[in-house]
1. Is it the case that region B:140-148 has a residue that's surrounded by 21 or more Cβ atoms within 10 Å (Cβ to Cβ), over 27 Å from A:Thr3 (Cα atoms) and polar (S, T, N, Q)?
2. Filter region B:63-72 for residues that are in a loop (DSSP other than H, G, I, E, B) and modelled with pLDDT of 90 or more and give the result.
3. For region A:224-243, indicate whether the set of residues that are in contact with a His (Cβ under 8 Å, 6 or more places away or on another chain) and part of a helix (DSSP H, G or I) is non-empty.
4. I'm trying to understand the selection: among the residues of region B:24-72, which are among the basic types (Lys, Arg), more than 14 Å from chain A (Cβ to nearest Cβ) and more than 17 Å from the chain's Cα centre (by Cα)?
5. Residue by residue through region A:186-212, note down the ones that are under 18 Å from the mean Cα position of the chain (by Cα) and either closer than 20 Å to A:Arg305 by Cβ or of a type outside the set (S, T, N, Q) (or both).
6. Name the residues in region B:12-62 that are free of Cβ contacts under 8 Å to residues at least 60 places away in the same chain and charged (D, E, K, R), would you?
7. Considering each residue of region B:154-175, count those that are aliphatic (A, V, I, L, M) and either modelled with pLDDT of 90 or more or under 12 Å from the mean Cα position of the chain (by Cα) (or both), and give that number.
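The values are calculated or read from the model by the stated rules, or taken from the named source; none is laboratory data. Computed from a prediction, not measured in an experiment: that's the story for all the values here. Reconstructed Cβ throughout: ideal geometry from the backbone, glycine too, with neighbour counts over all protein chains shown.
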Amino acid sequence: MSTTKLFLRGVADMRRFPLPQLCTLLTVCMVALLAGTGLLILHNVQTEVLRTQAQARFQIYWKVGADLTAVEAQWADLKRAPGIAEVSTFTPRAALSELMRGLAPRTSGGALTGAEGNASSGEDFSWLEGDNPLPATALVSFNIPPDEQPEPWMGRMYARLKGLDGVEQVTYNPTQLTLATGWIALVQKAAWPALGFFALVVGLVVGNTLKLMMLARKDEVEILSLVGARPWFIRAPLFANGVVQGLCGSLLSLVCLKFLQSWLRSVLDVPPLFLKVEFLPLWQSLALVLATTCVAGLASLIAARK
Amino acid sequence: MVHLEHVNLTLGGAQALKDVTLHVERGEFVFLTGPSGAGKTTLLRVLYGDLKPKSGAADVAGVDLMRLRGVQLPELRRKVAVVFQDFKVLPERTVFENIAIALEVRGVSSVSIDRRVRAVIRALDLEERSYAPCRELSGGEQQRVAIARSMVVNPELILADEPTGNLDSDLSRHLIELFKQFNTYGTTIIMATHNREVLSWAPEARQVHLVRGEIKPPPPGSPGSVLDTKPIIGGSL
């Protein structure tokens, strides 16, 4: 009997043991889901850190009542500055509107509604427009040049921004950059050992589960051996069974992981977190499926051997 | 066919077979008798390569059991068919599939499998149950399936371990007749039993009596007694 036929027989025979097969499938799926969740967390943290780690962010406040035309000219210069990544600017009027909009969800939540009668539009500060106390501001992000040390570079940039005409105050957080750099170093050092440990756990759990499932087919293996079946004749269908379990279990885990990611996204992509949880990249999804399938196939071979 | 010389075997610290010397020629029908725990099943397990003797010399169907390695086991098992008291059929598979499996492992073509399985099903009067799962069969029918599985490959030697143990008297007799018929075609049969009635149905068969792992003379007057009929060829008795 050809190997292909033996594989097909192994797959067809799965229907003979529905309950052990179902239990094994669920276990493989759960373990793969656990591993996938770990990957998902690692991937999203890494993405978030990478997004911010090489950037320095400054909040610039101009003096209240500064000449807006001059300020806008400075903004135009900033947008053309070398290494600029992102510039968000707010005129005093825009800042006031932003403030009103920012307060809207809180007031519409019910706690501050009622007497003011403007629950749907938030606090009304339009009476301040004539004498707006808010300054013009800009949120500026720079990509730190690769050949520069972050902190001295940020110090120099801080001094330069602080020296702009009409600027009252410049804030930045060097700790954020230090934390990000530290996190990247930690991830680079710990990621592979952690993933290796995870793979070991997945391998052991999936392997032992499959070995337990093989107990359901112990009689079959014994009878095949008694009638003179060669080892490959016995092992090939069991191997196929393990591979199919690994493949189906890991694919099912990806579906579950997609639901989990959608749910996390809806939960975390709200103020003040605004965390956009992304799904695993294609190569990581494929790696998860491939690794689980290989482990399952290997475990079934070992189980059949014993 | 079977040549054992001074075979010893220890299981769990106890001497399971003690200095067993037994020679069975091609085409012989031999009963292994003795009380429970005498070592009948152990001796059969040695003969189909499930247990390896500690010492002595053992040759079955041209295979040296003392030098038998795992990869050679299928070769031995293709020459030696085994029938058990508990049938050892696959309950979820049909009668046809249970019998065909013995041919499939040998790489026989599906056309030939179909022809040979149908022939043996007919011979054992299982035609009406061909496509029934074995779990739906009676004990007698399941044992016939097990025998059909051993017959379909035309083995050189059939080892039967208390094959009538779970059957009533009529079915047991029918079964022995099947084995006798098969023996007339030249297949060597070694059957373990402690049922004296079974011995009486095949009085021409040789009897080898085991007591505590040793071959002893069978009780006087028992059917097929080696003392009453023919001597063991080259045996220690």
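1. So far as region B:140-148 goes, yes, one or more of its residues are surrounded by 21 or more Cβ atoms within 10 Å (Cβ to Cβ), over 27 Å from A:Thr3 (Cα atoms) and polar (S, T, N, Q).
2. none
3. We begin by selecting, within region A:224-243, every residue in contact with a His (Cβ under 8 Å, 6 or more places away or on another chain); these are none.
No.
4. Of region B:24-72, the ones among the basic types (Lys, Arg) are B:26, B:40, B:45, B:52, B:54, B:67, B:69.
With the extra rule that they be more than 14 Å from chain A (Cβ to nearest Cβ), the set shrinks to B:26, B:40, B:52, B:54, B:67.
Within region B:24-72, B:Lys52, B:Lys54, B:Arg67 meet the criteria.
5. A:Leu186, A:Val187, A:Ala190, A:Ala191, A:Trp192, A:Ala194, A:Leu195, A:Phe198 - these are the residues of region A:186-212 that are under 18 Å from the mean Cα position of the chain (by Cα) and either closer than 20 Å to A:Arg305 by Cβ or of a type outside the set (S, T, N, Q) (or both).
6. Hits for region B:12-62 are B:Arg45, B:Asp50, B:Lys52, B:Lys54, B:Asp59.
7. Matching residues across region B:154-175 total 4.
Condition check ((1) surrounded by fewer than 19 Cβ atoms within 10 Å (Cβ to Cβ); (2) within 12 Å of chain A (Cβ to nearest Cβ); (3) of a type in the set (Phe, Trp, Tyr); (4) not in a strand (DSSP E or B)) across all residues:
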site: B:Pro74; (1), (2), (3), (4): no, yes, no, yes
site: B:Val82; (1), (2), (3), (4): no, yes, no, no
site: B:Asp114; (1), (2), (3), (4): yes, no, no, yes
site: B:Asp125; (1), (2), (3), (4): yes, no, no, yes
